[in-house]
Amino acid sequence: MERKISTIVFDLDGTLLNTLEDLADSTNYALRQYGFAERTLEEIRAFVGNGVRKLIERALPEGAENPLFNSVFSCFKSYYVDHCMEKTGLYAGIPEMLHELKSAGYHLAIVSNKLQSGVDELYEHYFSDTVEVAVGERPELNRKPAPDMVLLALEKLGVSTDEAVYVGDSDVDVATARNSGLPCISVLWGFRDKEFLVQHGAHCFAQTPEEICRIIKSMLVE
């Protein structure tokens, strides 16, 4: 018997929130403190998606092998927690989309490779009235594209994978959905372009938040 999707799991950075400039500012602040060259916004755009540790690995010469890696990473984390909302904001149409989906009875969750402390702060500021569960990076969970975070969010909501859909903006999100057994909607306003996403297996796209609503309401599961 067919039934409609009940739950939407959203990526955060590049999907609901444009966090790129705050991530770039925090990365460059940490690099400056230790005498390393700063990175451009486009470089940071290419570096994000696998969590902040991987972001700093990619931004720092020699990556995790750099003897100052832990110091730079700690500096980044400390600075970002205090400055994660200075230039960050919701993409146009996101609040309306979330409210429409909630009003229609859908369960909403956020799953992010961002540190849990950062996820919590952004959740309280932007999403506490619409989103029920927000899972960030924590020591006991494997980061996306492993399915662990998604499965924890679904467990907290009391729903199964066969009634959920995943929404994200990157190749990591496409892989996360696949590894979690969820269909994926790839948004086209985030950190990766359509050609890149197609190369990494994306096939269902949303040009606008409103289009997400239309796609989800038309989806059926066995």
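The values are calculated or read from the model by the stated rules, or taken from the named source; none is laboratory data. Since this is a predicted model, take the numbers as computed values, not measurements. Here Cβ is always computed from backbone atoms with ideal geometry, including for glycine, and neighbour counts include all displayed protein chains.
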(request) Say whether the condition of being more than 30 Å from residue 184 (Cβ to Cβ), among the small types (Gly, Ala, Ser) and surrounded by 19 or more Cβ atoms within 10 Å (Cβ to Cβ) is met by at least one residue in segment 27-39. (result) yes
(message) What's the total number of residues in segment 110-130 that are surrounded by 19 or more Cβ atoms within 10 Å (Cβ to Cβ), of a type in the set (Val, Ile, Thr) and under 21 Å from residue 6 (Cα atoms)?
(response) 2
(request) Give the residue, chosen from 57, 38, that is outside the structural domain of residue 181 (by TED's automatic domain parsing) and either closer than 17 Å to residue 116 by Cα or in a helix (DSSP H, G or I) (or both). (result) 57
(request) Name every residue in segment 41-52 that is buried (at least 17 other Cβ atoms within 10 Å of the Cβ) and either part of a loop (DSSP other than H, G, I, E, B) or without any contact (Cβ under 8 Å) to a residue 24 or more places away in the chain (or both), in order of residue number. (result) 47, 48, 49, 50, 51
(message) Based on this model, can you work out whether residue 154 counts as on the phi < 0 side of the Ramachandran plot, buried (at least 22 other Cβ atoms within 10 Å of the Cβ) and assigned by TED's automatic domain parsing to the domain that holds residue 7?
(response) yes
(request) Report yes if some residue within segment 163-177 is crowded, with 16+ Cβ neighbours inside 10 Å, in a loop (DSSP other than H, G, I, E, B) and within 17 Å of the chain's Cα centre (by Cα); otherwise report no. (result) yes
(message) Return the residues of segment 15-35 that are assigned to a loop (DSSP other than H, G, I, E, B), at pLDDT 95 or above and within 18 Å of residue 89 (Cα to Cα); say none if nothing qualifies.
(response) 15, 16
(request) Output the residues belonging to segment 81-95 that are of a type in the set (D, E, K, R), in a loop (DSSP other than H, G, I, E, B) and more than 26 Å from residue 206 (Cα to Cα). (result) 86
